Structures are given as structure tokens and as C-alpha cells.
1. Taking Cα atoms, how many degrees apart are the long axis of helix 181-192 and the longest axis of the chain, rounded to 10 and kept between 0 and 90?
2. Ranked from highest to lowest mean number of other Cβ atoms within 10 Å per residue, what is the order of the peptides 164-174, 59-69?
3. With only alpha-carbon atoms counted, please give the Rg and Dmax of the range 39-195, in Å.
4. Once each part is reduced to its C-alpha centroid, what is the distance from the range 28-42 to the range 162-201 in angstrom?
5. Please report the carbon-and-sulfur percent of the accessible area for the chain; probe 1.4 Å, protein heavy atoms only, DNA, RNA and ligands left out.
6. What does the charge add up to near Thr76, with Lys and Arg as +1, Asp and Glu as -1, over the other residues with Cβ less than 13 Å from its Cβ?
7. Report the calculated FRET efficiency for Thr48 and His175 (r = Cβ-Cβ distance, R0 = 41 Å), to the nearest 0.05.
8. Pairs of Cα atoms under 8 Å, at least six residues apart: use those to get the relative contact order of the chain, whole percent.
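The values are calculated or read from the model by the stated rules, or taken from the named source; none is laboratory data. Computed from a predicted structure; not experimentally measured. Cβ placement follows ideal geometry from the backbone for every residue including glycine, while neighbour counts extend to all protein chains displayed. All accessible areas refer to the heavy atoms of the entire protein, side chains included, with ligands and DNA or RNA removed. Shrake-Rupley method; radii C 1.70, N 1.55, O 1.52, S 1.80 Å.
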Amino acid sequence: TAPKETPANLAILHVGAIGRLQRGREARVDVEVGNYSKQPRQVQVEVTLGDTPYRIAGLCPPAVKTTLSTTVPLSTVGWIAGQAKLVDNSDALAADDARSFVLNVRSAPMYALITSESSRPHPSSSHYVERALVPNPTRDASGAIDAGSERVARIDPTHLDNETLAMSGMIVIDHPGKLPIESINTLAGLMRRGRGVLYIA
């Protein structure tokens, strides 16, 4: 007798997003679909993130894996649950037609700029450093800088704000003058714990 032919089947193999996921930006969500059949299949995938559905359509060649992608806006911070599922699909195995996933969305980074220079806009070293750290801050409809966007917090080197330092993604030191021993010990402790520090000499 002739060997039985493997039943045609579509499966969602993997769902994920690459790179840093940040609130206020868009993320590219990739859905890997396996076409275990001898014929190309036109497929539709519904990706639900939170309560919002998104549709992806594409052609999946036979006997290979195909990656379909869509972009989704990220409006909240934290872990967001989602699901990708094949739409209007009837095949040999329904259990692999859907796959759940989670995305970890982070808040916009904050940079701590320790400097004794004035925050007043003028051609100074710290002014250009601040512009380089956040060249294009996100603005709302009124033109004001969005509170949730990337930002630079200036800190007086003689009175370090430990809470701001703890929340910052990176510490930048530029023209601080003579640092008090307490400030040096605080920065050394943060560096020992793995905090990134950029010192501009």
C-alpha cells in the first residue's frame, strides 16, 4: 500500500518583537507561520495586543516558514499580553493555529547630567551634551515636551539627587567642578553596581 500523505497544516510557530520596546513608540511584531503542505497558502493572522486587534495577510510558500510583520503603537508601560491566531483556517491541527505572547514595554529613558554649568540655553559644553542625549524630544499637540518622552535631568554636583540617579538609565558628568567626597562615593557605588557613567573630560 502507498504511504499515507501528511495532512496539510498551517501553524503559528513564534511571535515576538525585536529591540527595546518603549512607551510612545511603535514596535514591529513578527509572526512566524509554518506551511506544512505542498501548496502555497494565502493566510490572515489576527494579532491582539491588550484589547486591540491588528490584521496581517501574506502568502506562505509550501514547506517553509514565513515571517509576517505588523507595527503596533505602545501606549502603556509594563508587561502586555497578546495573542496571534490564524483567521478562517481549517487544517489538520487546530491547536497550533494560535499562540500567546507577552511584550515588556519600558518607559522612556532618563539621563542624569551632573554639571555645574547653567541650564540656560547658551553655547556651553553641557548644552550640546544635552542636545546630543535627546536630540528630538517627543512633543504633544500643543508643542510642549511630552512628560513620558526621553529627557535629561540636570543635577547639581554638590547635592546629588539619589532618587533621580537611581531612576536614570545613564549618568553623564560634564564640567562638574570639584566633586565632594560624598558625591564621589555615591557615583563609585553606582558604578560598582553596574550603572553606566560617561565622564566628559
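1. 20
2. 164-174, 59-69
3. Rg then Dmax for the range 39-195, in Å: 24.0, 72.
4. The distance from the Cα centre of the range 28-42 to that of the range 162-201 comes to 50 Å.
5. Accessible surface attributable to carbon and sulfur in the chain totals 52 percent.
6. With Lys, Arg at +1 and Asp, Glu at -1, the net is +2.
7. For R0 = 41 Å, the calculated efficiency reads 0.25.
8. 18
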